[in-house]
Amino acid sequence: MMSEPQTVETSYLGQTSQRQTPNSLANSLAIGLLGLLVTGGMLGGAIGILAPPAIAQTRPSQPSAPNVLNILRGLPQPTTAPANRPAIFAANAYGQQSLNFQSKSNAEAAIQFYRQALGRLGYTERTTNTTIGPWGFSIVFDPPASLGLKPSSTAPRNTLEVGDQVTVQGSGSPSVVLVLQGTMLSPDTMNTNIRFEEI
């Protein structure tokens, strides 16, 4: 037996609607489905309310970092170095910037120039890191503190220090150093790369 259509009023999230149902079976199904939706919506909303709110994370304010590229470009260069020394991206470099150029020179002349010129500006050579040969050179300097080059992490790093007769393993504080490397491309042409690195 068919019953008369009924008007059903539903409310979901503050929205009220009315509709007519053709019979009580459809009405029961509609109300059952609607009940699931409403219950699920409320439950989902309640779960959302119980979930911890998103927390905005901020880093403590740090003093602005020096412009590494300007410092690199301001370093003295041999007279054989080109006036235009292009900056290149260097993923492992401090500030991810380095200068790269080619010049007429050799390893001995270049290393002598940088030792004298950078020494006058307060840079201190790390002699244990210096290497030189027919292939080129590598030299590392501690920059003057006045440049304000701070490592991104202050966590101690393991280091290996080699003395004349003793090898000591300890923990060192991270620092930023100036690295200059020259690679001979021909008997009188050298490619030079200059960058800061964190060690």
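The values are calculated or read from the model by the stated rules, or taken from the named source; none is laboratory data. Computed from a predicted structure; not experimentally measured. Neighbour counts are summed over all protein chains in view; Cβ atoms, including those assigned to glycine, are modelled from backbone coordinates with ideal geometry. Just so you know, the surface numbers come from the protein's heavy atoms only, side chains and all, with ligands and any DNA or RNA stripped out. Shrake-Rupley method; radii C 1.70, N 1.55, O 1.52, S 1.80 Å.
Count of the stretch 107-150 residues, restricted to those that are of a type in the set (S, T, N, Q) and surrounded by 17 or more Cβ atoms within 10 Å (Cβ to Cβ), is 1. Looking at the stretch 63-105, which of the residues that are over 22 Å from the mean Cα position of the chain (by Cα) and under 20 Å from residue 146 (Cα atoms) is most open to solvent (accessible area, probe 1.4 Å)? If we take residues in the stretch 63-105 being over 22 Å from the mean Cα position of the chain (by Cα) and under 20 Å from residue 146 (Cα atoms), then 73 is most open to solvent (accessible area, probe 1.4 Å).
Please enumerate the residues belonging to the stretch 88-124 that are in contact with a helix residue (DSSP H, G or I) (Cβ under 6 Å, 6 or more places away or on another chain) and either within 23 Å of residue 188 (Cα to Cα) or modelled with pLDDT of 95 or more (or both). Scanning the stretch 88-124 gives a single hit, 99.
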